[in-house]
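Following: one structure in structure tokens, then a few remarks.
The values are calculated or read from the model by the stated rules, or taken from the named source; none is laboratory data. Fair warning: this is a prediction, and the values are worked out from it, not measured in the lab. Don't worry about glycine lacking a Cβ; one is built from the backbone with ideal geometry, like all the others, and counts go over all protein chains shown. Note: areas computed on protein heavy atoms with side chains; ligands, DNA, RNA excluded. Shrake-Rupley method; radii C 1.70, N 1.55, O 1.52, S 1.80 Å.
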Amino acid sequence: MPTILFSQNLEKDVIHLQDVVVEKDVKKPKVKKVKCGNFKQVYVNSNLYFTEDPVFYLTDSLPEGTIQVIKLFFTEIAHVIEFGGRDYSTFKVNKTEFEVTLYEVNDDYSVGEKVNSEPMLIALEECTNDRLKKVELDLSKYNYKTNKFFISVKKLTDTSCRDCYYYAPVNYKAKDGYCRYLKAEENNIYKKKQDFSIGLQLEVKTLTSDY
């Protein structure tokens, strides 16, 4: 049987493929809203509000993403709380001003660098009712990507009047977690408490793929 020979030009017959890119199925980011706190009750820790020590609240367990908006809640408070009926014909909440600053969270849960170098200002005008006030702050311009942060709501108003009412940010009691406030001598370290911690009630909107 005769031998059949094939002649091939291997270089000519090789097919060169373009780079093949395998794209991972990544979820399209969307805005996810997370509520931090107990929205069934209104609570304010008066010791924290009237102290002159710095107060930093920890907000954690958020979806990883870019913070878009935070919403804060404010209610009335006074040094001396009235018991029984309230005379709404003379009742008023004085104008109260705050500056709000967000901070990064270090690995040891100490307070890190400022997110917004200039504080965001809040001015709640004098009011003659005790309805809850809600304030939204736009943080999208800071392009801050995280799943936790510290927030400071520093009051600028003199609140020394014993019989006057002022606005105060709404708090909540967390069953566990890191202590959400500090005194100057604590060296900015947030230690776990055995009973509960004090948090700041917030709504946080995050642009995230974690859903």
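Annotation: of all residues in segment 89-134 being of a type in the set (D, E) and in a strand (DSSP E or B), the one that is farthest from P169 (Cα to Cα) is E113.
The single condition from (1) touching a helix residue (DSSP H, G or I) at 6+ places or on another chain (Cβ under 7 Å); (2) open to solvent by 90 Å² or more (accessible area, probe 1.4 Å) that I77 fails is (2). Going by what's in this entry, would E104 be described as open to solvent by 30 Å² or more (accessible area, probe 1.4 Å) and within 22 Å of C36 (Cα to Cα)? Considered against the rule, which asks whether it is open to solvent by 30 Å² or more (accessible area, probe 1.4 Å) and within 22 Å of C36 (Cα to Cα), E104 comes out as yes. Within the set N47, N38, the sole residue that is outside any loop (DSSP other than H, G, I, E, B) and among the polar types (S, T, N, Q) turns out to be N47. Within the option set T66, T157, being open to solvent by less than 50 Å² (accessible area, probe 1.4 Å), touching a residue at least 24 places away in the same chain (Cβ under 8 Å), in a loop (DSSP other than H, G, I, E, B) and among the hydroxyl-bearing types (S, T, Y) holds for one residue only, T157. Filtered by the rule that a residue be open to solvent by less than 30 Å² (accessible area, probe 1.4 Å), within 27 Å of D158 (Cα to Cα) and among the aliphatic types (A, V, I, L, M), segment 36-63 gives L48, V55, L58.
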